[in-house]
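The structure appears below as structure tokens.
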Amino acid sequence: MQHRGEIIKRAVYKSGFSITELAKRLGKSRRWVYLMFENPSVSLDVVLQLEKIIHYNFSLEIKEIRPSFIDVIEPSFSGQTEKHSEEYWKNKYLRLLEEYNDLLKLNNK
């Protein structure tokens with residue numbers, strides 16, 4: 001299993017984003033951020049929040065965010081369409097919803 005905390009830690013340090021600012025934007029303490037780095041199973045909701053804050057695409061490293069070839073049924077000649085896992089569609093919906101909300105905020109300014 002992937003250690004999400006370590007993946008996040010590398011991305012945060014690579015981004016140059018300060019731990020203090022990250023904690024502030026997450027509404028958490030600095031200690032919570034350091035404990036997150038040690039957590040091998042950080043929730044996907046937190047990972048998606050971090051993606052937006054530090055502008056990093058975790059789908060390249062965390063397989064639960066990207067569609068898996070195991071979860072995809074290739075279309076056949078009978079007209080069968082692709083089917084992704086429930087987690088994939090949930091994450092895609094959440095990302096689109098967040099982007100939509102951001103656009104609404106920009107238009108209301």
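Rule-based calculations on the coordinates, nothing more; no lab input. Because the structure is a prediction, the values reported are computed rather than measured.
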What are the lysines whose alpha-carbon lies under 22 Å from the alpha-carbon of K105, with same-chain residues fewer than 8 places away excluded? K24, K52, K92
Give me the extension gain from W32 to E6: residue separation times 0.36 nm, minus the current Cα-Cα distance, reported in nm with one decimal. 7.9 nm
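Using 0.36 nm per residue of separation minus the Cα-Cα distance, give me the extension gain between S15 and E87 in nm, one decimal. It would help to have the intermediate numbers written out before the result.
Working: separation 72, 0.36 × 72 = 25.92 nm, distance 2.67 nm.
That works out to 23.2 nm of additional length.
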